[in-house]
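Shown next, in structure tokens, is the structure this report addresses.
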Amino acid sequence: MRLKVLYHDNCFDGAASAAVFTRFYLEKVSPEAQIEYQGLAHKAGAEGVDARLFTGDENAIVDFRYSQDARLTWWFDHHQSAFQQPGDEAHFRADASGKKFHDPKRKSCTGFLADTVAARFGFDKAPLDELLYWAEIVDGALFTSPKMAVELKEPALQLMTVLEASTDPAFIPSVIGRMQRQPLAELAASADVQRLLKPLLERHRGAIEVVRKKARLEKGVVFFDVADEGFDGLNKFISYYLYPDARYTVWVGASSKRAKISIGSNPWRPELRTHDLSRIAERYGGGGHPVVAAVSFKAGQLAQARAAAAEVVAELQG
Ligand SMILES: [Mn+2]
């Protein structure tokens, strides 16, 4: 029996879901199964899962969108956007296998999967408690403090960092294997994880220092401009790590491809937010959510981006 497990690539929750599913499958379905892993990444547009990937006797997808392919035998997802192809949702609703599950209210697919197979198939999830706890924190962005989200000291957050950045096709399957048995502290301390982590943490620490130098808090709004440093992406919690009482952050960034303003509110002080940030971003051609939004400009439009950022800062301070 060959089992193919397709999981959301470069994602802690995707890897942890694959680990929980594998352990369940070996304990409750087929202890002899030979298992193969394959990551799935979101592409632009509403493309379906590549049917050529269903090469197992059984094929499972975890933490990723649905497929109507008859070779898909197990499916667990918690994304709102799980049904992308015409007919996907009706096909799922009509499924009578009892092996396909979706709940967009769940914070992590890992927790959803574990609860589902515990209730339906008698799987003992207790040995995986630590993994389940952290999948919920990471995928739900339930970090208890900006310090936790920025310092990345917890083993699970170190693993999250390397999983998100990994480009080696063998690395994530190897982590999925170890997640099934190994405590996270031991797994995160292993040589291959630490070797990948080191340069990522160095770049991250460099970004923290740049923000520390440039950021100013005025009337509740942290502002900084790192376009000249060439950053257009940063850990979005750095400004609240430096200024825990800030209401909002506005920053200007740039890369060779674009100029960008990012607008955010302090997730640890939700009561301080009185503006809908997506509305503000939309006025400049951007978008997002009420709590976090962004506007992208062409690479040659840095001056416009800077002017727009100054207006947004003034509005949020007012
Ligand atoms: Mn997930």
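For segment 152-163, indicate whether the set of residues that are part of a loop (DSSP other than H, G, I, E, B), exposed (fewer than 15 other Cβ atoms within 10 Å of the Cβ) and either touching a helix residue (DSSP H, G or I) at 6+ places or on another chain (Cβ under 8 Å) or touching a residue at least 40 places away in the same chain (Cβ under 8 Å) (or both) is non-empty. No, because not a single residue in segment 152-163 is part of a loop (DSSP other than H, G, I, E, B), exposed (fewer than 15 other Cβ atoms within 10 Å of the Cβ) and either touching a helix residue (DSSP H, G or I) at 6+ places or on another chain (Cβ under 8 Å) or touching a residue at least 40 places away in the same chain (Cβ under 8 Å) (or both). Beta carbons closer than 6 Å, at least 6 apart along the sequence or on distinct chains, pair a first residue in segment 186-202 that is surrounded by 13 or more Cβ atoms within 10 Å (Cβ to Cβ) with a second that is of a type in the set (D, E, K, R) for 187/178.
Each row is one residue, and each column tells you yes or no for (1) under 20 Å from residue 172 (Cα atoms); (2) modelled with pLDDT of 95 or more; (3) assigned to a helix (DSSP H, G or I); (4) among the charged types (D, E, K, R).
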site: 14; (1), (2), (3), (4): yes, yes, yes, no
site: 17; (1), (2), (3), (4): yes, yes, yes, no
site: 22; (1), (2), (3), (4): yes, yes, yes, no
site: 32; (1), (2), (3), (4): no, yes, no, yes
site: 37; (1), (2), (3), (4): yes, yes, no, no
site: 42; (1), (2), (3), (4): yes, no, no, no
site: 45; (1), (2), (3), (4): no, no, no, no
site: 48; (1), (2), (3), (4): no, no, no, no
site: 59; (1), (2), (3), (4): yes, yes, no, no
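Here residue 182 does not fit the description of being over 20 Å from residue 312 (Cα atoms) and touching a residue at least 12 places away in the same chain (Cβ under 8 Å).
Applying a threshold of 7 Å to beta carbon distances and a minimum spacing of six or more residues, or different chains, the list of pairs starting in segment 85-106 at a residue that is closer than 16 Å to residue 48 by Cβ and of a type in the set (Phe, Trp, Tyr) and ending at one that is modelled with pLDDT under 95 and in a loop (DSSP other than H, G, I, E, B) reads 92/83. Does residue 117 satisfy being under 27 Å from residue 183 (Cα atoms) and β-branched (Val, Ile, Thr)? Answer is yes for this residue.
All of 41, 82, 60 fail the test of being closer than 20 Å to residue 109 by Cα, within 16 Å of the ligand (Cβ to nearest atom), exposed (fewer than 14 other Cβ atoms within 10 Å of the Cβ) and assigned by TED's automatic domain parsing to the domain that holds residue 176, apart from 41. Considering segment 65-79, and only residues there that are crowded, with 20+ Cβ neighbours inside 10 Å and modelled with pLDDT under 95, the residue that is farthest from residue 13 (Cα to Cα) turns out to be 65. Of all the listed residues (217, 302), the sole one being touching a residue at least 24 places away in the same chain (Cβ under 8 Å), surrounded by fewer than 21 Cβ atoms within 10 Å (Cβ to Cβ) and part of a strand (DSSP E or B) is 217. Taking the criterion of being more than 13 Å from residue 232 (Cβ to Cβ), surrounded by fewer than 16 Cβ atoms within 10 Å (Cβ to Cβ) and not aliphatic (A, V, I, L, M), the residues of segment 272-299 that qualify are 274, 276, 279, 282, 283, 285, 287, 289, 290. Of the residues screened, residue 314 is not one that is free of Cβ contacts under 8 Å to residues at least 12 places away in the same chain, assigned to a helix (DSSP H, G or I) and under 21 Å from residue 234 (Cα atoms).
Exactly one residue among 51, 118 is more than 16 Å from residue 25 (Cβ to Cβ), surrounded by fewer than 20 Cβ atoms within 10 Å (Cβ to Cβ) and without any contact (Cβ under 8 Å) to a residue 40 or more places away in the chain, and that residue is 51.
Tell me yes or no: at least one residue of segment 258-271 is touching a Ser or Thr at 6+ places or on another chain (Cβ under 9 Å), surrounded by fewer than 20 Cβ atoms within 10 Å (Cβ to Cβ) and either in contact (Cβ under 8 Å) with a residue 12 or more places away in the chain or assigned to a helix (DSSP H, G or I) (or both). So far as segment 258-271 goes, yes, one or more of its residues are touching a Ser or Thr at 6+ places or on another chain (Cβ under 9 Å), surrounded by fewer than 20 Cβ atoms within 10 Å (Cβ to Cβ) and either in contact (Cβ under 8 Å) with a residue 12 or more places away in the chain or assigned to a helix (DSSP H, G or I) (or both).
Matching residues to (1) small (Gly, Ala, Ser); (2) closer than 21 Å to residue 151 by Cα:
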{"position": "199", "(1), (2)": "no, yes"}
{"position": "204", "(1), (2)": "no, yes"}
{"position": "209", "(1), (2)": "no, yes"}
{"position": "214", "(1), (2)": "no, yes"}
{"position": "238", "(1), (2)": "no, yes"}
{"position": "254", "(1), (2)": "yes, no"}
{"position": "257", "(1), (2)": "no, no"}
{"position": "260", "(1), (2)": "no, no"}
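The values are calculated or read from the model by the stated rules, or taken from the named source; none is laboratory data. From a predicted model like this one, the values you see are computed outputs, not experimental measurements. Cβ atoms come from the backbone with ideal geometry, glycine included; neighbour counts cover every protein chain shown.
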